[in-house]
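Structure first, then comments.
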Amino acid sequence: MTADLILTNARVLTMDASNPRAEAVAIAAGRILAVGSAAQIEALAGPQTQVIDANRRTVLPGFVESHLHLVLGGAELGHLHVSGLHGIDALRDAFRRFGDQHPDRPLLMAQGADYAMLDHPVTRQDLDAIMPDRPIAMTSHDHHTVWANTAALQAAGILHGMNTPHGHEVVMAPDGTATGELREFEAFAPVIALGGEARLNLGIATGEEPSSPPNAAERALDKTKIEAGLKHCAAHGITSMVNMDGNRYTLDLLREMQAEGRLTARVKVPFHFKPHMDLSDLDRAEAMTRDFNDDWLQSGFVKMFMDGVVDSRTAFMVNDYPDQPGHRSDPLFAPDRFNEIATEIDRRGLQIAVHAIGDGAVRTTIDGYEAAQNANGRRDSRHRIEHIELIDPSDIPRLGALGITASLQPPHPPGAMDFPLMPTLERIGRARWKDAYLCKTLADQGAALAFASDWPVTDVSVMRGMQAALTRTPFDGCADERVGLMATLHAYTAGGAWAAHCDHLTGRLIPGMAADVVMIDGDLETLPADAFGSTAIALTICGGRITHQAL
């Protein structure tokens, strides 16, 4: 068989233990045709074969982004970005420039705000001082808090509060008006809706579908934002992704894009199970799994939130927050209820992925997975816990024992990439730093690792993520939690594919598997760890199709 495309003169890291290195890769009909020496592979060239000289650059399986929010990320590419800005003057200048550029937007939304952006908790009055006459808001870098000015709160109809589900809160001042701080998705959904992106947030906010079918123009607008996200991901070498929010509408849009030739990555989309739902709602999860199950679009898993985040003290802890005695937060699912839900999801043969950040949330999730295994028997479930920012030492060995995947984000530990050390570390408390943001410890005790960015929570750049993983400095008095280059590469490729039940298709460069490939500008095995983030992606190939090229 003649190759359609050959990459030769490369440093190929196949992620295949039986054939770990090669010099060239041949691709035909969207699949890997052969992997081997330059001479072996070049012999497969025909008159129409495209041959690319890698010039000794590194070639890997295409990156598997194990936890991101594709649709939200694509939409947010058009928002104001304030990461790294501090002080009211810097924010005022940024918002006013952005407002001048977008005079007709009903909401000026900023992304990337950190909790220490001002020297005090942000209020609507702070944002009023920036811009009182237009609705403005900014989202925290973890995407679990939004701060809005008075105009935005009034336009959204929540200046005087709103009834919200447990765990979601419009924070109120003593005078009976909203302070401007909105905690968790259903609290800030009315503000997001001002910007016309309510449809795109339904999956993560409520788990429901649009109340009426979006018209052709609305669908086209939403697909344009998805396409922007896909293009952005392709530029970072990503060929497969586990989208951690969404609904059937998301899959419908992606299916339309697939038919239009605009789908440039393999995407998994969950059914999002919320606390208000009944077990019968899992029928919808099964229907999504049945209706979307090809090499490009899949469902097959149920996503849940067990808690919030550390910085807003909504992460569920085993012990009190050291800076707020008596407060531990609460799980979004009571333990007995979660055991019941996890057992039913597992009985139906679906995978489970749970956002759990506090050690109380992690323990509750592990307990639920154990209850499911006790009820249904052990199977190849590959249930996952997303984030695991704090874990009690007694729970660490349970991950490996129960076959639970640790889905971790190397950019998340404070100080590793873009997130500041405070207030996160003071919220956790120095006594618990040794139990925070573990990686090597989890792997050493048997947990499978899958790495990701959680984009748009952090930069989607896998190269920056790898640098964060390889250069992270231990917190004072804590162990070194780096896992090394090859383990890091594995967690971004074969490990991510395995965690997504896609290891039969992608994640390794093996004849017969999908032709998902990334070429990186340099030799990763000799590249200094602190140079990874500035090293470019030269080429991305998904299913044999070049989706990004910077040669």
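Starting with the fewest neighbours, write out 241, 131, 463 ranked by other beta-carbon atoms found within 10 Å of each beta-carbon.
Least crowded to most crowded, the residues run 131, 463, 241.
Sequence-distant or interchain residues sharing an amide H contact under 5 Å with residue 415, placed H: which?
421
Quick one: 3J(HN,Hα) in Hz for region 191-203, Karplus 6.51/-1.76/1.60 with θ = phi - 60°, rounded, Gly and Pro as x.
For region 191-203, the Karplus curve yields 6, 4, 4, 4, x, x, 10, 4, 4, 6, 9, 4, x Hz.
Take a quick pass over the chain and tell me how many lysine pairs come in under 29 angstrom between Cα atoms, counting only ones 8 or more apart or on separate chains.
14
Considering only C-alpha atoms, what is the centroid distance from region 173-218 to region 362-401, in Å?
32 Å
May I ask you to sort 492, 115 by Cβ crowding, counting other Cβ atoms within 10 Å and putting the fewest first? Show your work: numbers first, answer last.
Values: 492 33, 115 22.
By the 10 Å Cβ count, ascending, the order reads 115, 492.
Based on DSSP, what percent of beta bridges with both residues in the chain are antiparallel, to the nearest 5?
Within the chain, antiparallel bridges account for around 45 percent of the total.
Output needed for region 106-194: three equivalent-ellipsoid semi-axes, defined as square roots of 5 times the C-alpha gyration tensor eigenvalues, in descending order, whole Å.
Semi-axes, largest first: 16, 15, 13 Å.
What is the Cα radius of gyration of the chain over 2.2 N^0.38 Å, N being its residue count?
0.95
Return the percentage of antiparallel bridges among DSSP beta bridges fully within region 106-194, rounded to the nearest 5 %.
Looking only at bridges with both residues in region 106-194, the antiparallel portion is about 70 percent.
Provide the net charge surrounding residue 468, with neighbours chosen by a C-beta distance below 13 Å and charges set as Lys +1, Arg +1, Asp -1, Glu -1.
Once positives and negatives cancel, what remains is -2.
Step through the residues of region 499-504 one at a time and calculate ³J(HN,Hα) from phi using the Karplus curve (6.51 cos²θ - 1.76 cosθ + 1.60, θ = phi - 60°), rounding each to whole Hz and writing x for Gly and Pro.
Values per residue, Gly and Pro as x: 4, 9, 6, 10, 6, 6 Hz.
Restricting the calculation to Cα positions, tell me the Rg (one decimal) and the Dmax (whole number) of region 100-251 in Å.
Answer for region 100-251, Rg first and Dmax second: 16.4, 51 Å.
At a 10 Å Cβ-Cβ cut-off, how would you order 240, 212, 140, fewest neighbours first?
The fewest-first ordering by Cβ neighbours comes to 212, 140, 240.
For a bin width of 10 Å, list the pair-distance distribution of region 179-255 built from all Cα-Cα distances, rounded to whole %.
With 10 Å bins starting at 0, P(r) equals 16, 47, 30, 8, 0.
Please turn the phi angles of region 513-520 into ³J(HN,Hα) values with the Karplus equation 6.51 cos²θ - 1.76 cosθ + 1.60 (θ = phi - 60°), one per residue in order, whole Hz, x for glycine and proline.
Using θ = phi - 60°, the values come out as 7, 4, 7, 10, 9, 10, 10, 10 Hz.
Read the figures in this text as sums done on the coordinates, not as results from a lab. Keep in mind the model is a prediction, meaning the values are calculated, not measured. Cβ coordinates were reconstructed from backbone atoms using ideal geometry, including for glycine residues, and neighbour counts include every protein chain displayed.
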